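Right, one structure below, let's go through it.
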Amino acid sequence: MQSWIGPERQALAKSAAKVLKDNALHNRSGLPPFRLPQVAQQILDELFHFSSAGDTAPVVSLGQELGQRGLGLRALLGLSRVLLREVLARLPGSTPGALEAVALVNDYLTLLVDAVAEQEKREVGVQRDEMQLALERAIHNRERELRRVIIELSTPIMPVYDHILVLPLVGKLDTERAGRITECLLREVVDRQARTAIIDVTGVPAMDAEAVDALVRTARALDLLGTHPVLVGIRPEAARALSDQDAHLAGIVVLANLQSGILYALRREGLEVCGSSSPQRGAARSYRGR
């Protein structure tokens, strides 16, 4: 084998380089076309070494290296087909030595292709995992942003009169949401110089210990800013949860509904509500100072 392949190495390397260039599109960007003649020479040099020593480890190592550098499996398969045809065309007839040489070249190319395929499979797996992680991060960030928007939309802070704010709560109240609510409410209280903040929990379906603690912390934070907290809209089932922690509600005004809360806040501002004498539904009301 060596006696035949030695003089043919340069010619085979030239043919191999041409095939690799023709299939350059199948390689990854890490292997530029001007490197392909060097790759072809490496493949032929290792074939010459394999034909004499029969050592498979260097062949596998070369395949892994070429795969890491970006040699595509389809490009290598194209090279294998051409190289086998070149060997068959150049060997003298179908002698036992010629058949042995073809089998040896085939064994070498099989080892090389398997090594590149394994490396490519490994890299595809890594890329898949990275894409999966990136997708999970994107989904997580999107969900977090959606939660933030939902919280903002579900906790509108409405000024109903000078220095009076109303915060209607809708949905489950947990620690994370309560923290955001407190932050938004305190910011509005400072910006509008509110003296009374009415927290309406009519739309809160359940009031567990966690929700009660969150409301109490919000009320205490308002009190520290000099704003009077008023809690309205307590449902019967929520009242039971509040009664279990009644000691923590000292100093917080608790009223039945939003209407009574607004009336209470207006009176704190020195205003009183005058109802119209008209019996029609939705009759207008006016506010006047004492």
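Would you mind computing the Rg to Rh ratio of the stretch 47-171 from its alpha-carbon coordinates, Kirkwood style for Rh?
1.58
Enumerate the amide H contacts of Leu255 below 5 Å, restricted to partners 5 or more residues apart or on another chain; note that Pro and chain-start residues carry no placed amide H.
Sorted by chain and number, the residues that satisfy this are Leu231, Val232, Gly233.
Across the stretch 261-273, in residue order, what do the Karplus-derived ³J(HN,Hα) couplings come to in whole Hz, using 6.51 cos²θ - 1.76 cosθ + 1.60 with θ = phi - 60° and x for Gly and Pro?
x, 5, 4, 4, 5, 5, 5, 5, 8, x, 10, 10, 9
First compute the accessible area of the stretch 51-210 with a 1.4 Å probe, then give the percent of it belonging to carbon and sulfur atoms.
With neighbouring chains kept in place, the figure for the stretch 51-210 is 56 percent.
Under the rule of at least 5 residues apart or a separate chain, name every residue whose amide H is placed under 5 Å from the amide H of Gly203.
Leu169
Could you state the accessible area per residue of the stretch 82-212 in Å², with a 1.4 Å probe and every protein chain left in place?
For the stretch 82-212, the solvent-accessible area averages 59 Å² per residue.
Could you grab the Rg to Rh ratio for the stretch 92-229? Cα atoms only, Kirkwood for Rh.
In the stretch 92-229, Rg relative to Rh is 1.63.
Going by a ≥ b ≥ c, the root eigenvalues of the Cα gyration tensor, does the stretch 168-238 fall in the rounded group (a/c under 1.5), the prolate group (a/b larger than b/c) or the oblate group?
prolate
Compute the FRET efficiency between Gln38 and Leu146 as 1/(1 + (r/R0)^6), taking r as their Cβ-Cβ distance and R0 = 45 Å, and round to the nearest 0.05.
0.30
Set the Förster distance to 51 Å, then compute FRET efficiency between Arg180 and Ser61 from the Cβ-Cβ distance, nearest 0.05.
The value I calculate is 0.35.
The values are calculated or read from the model by the stated rules, or taken from the named source; none is laboratory data. Please read these numbers as outputs of a predicted model, since none were measured by experiment. As a convention, Cβ positions derive from the backbone with ideal geometry for all residues, glycine included, and neighbour counts pool all protein chains shown. Areas reflect the complete protein model, heavy atoms only, side chains present, ligands, DNA and RNA absent. Shrake-Rupley method; radii C 1.70, N 1.55, O 1.52, S 1.80 Å.
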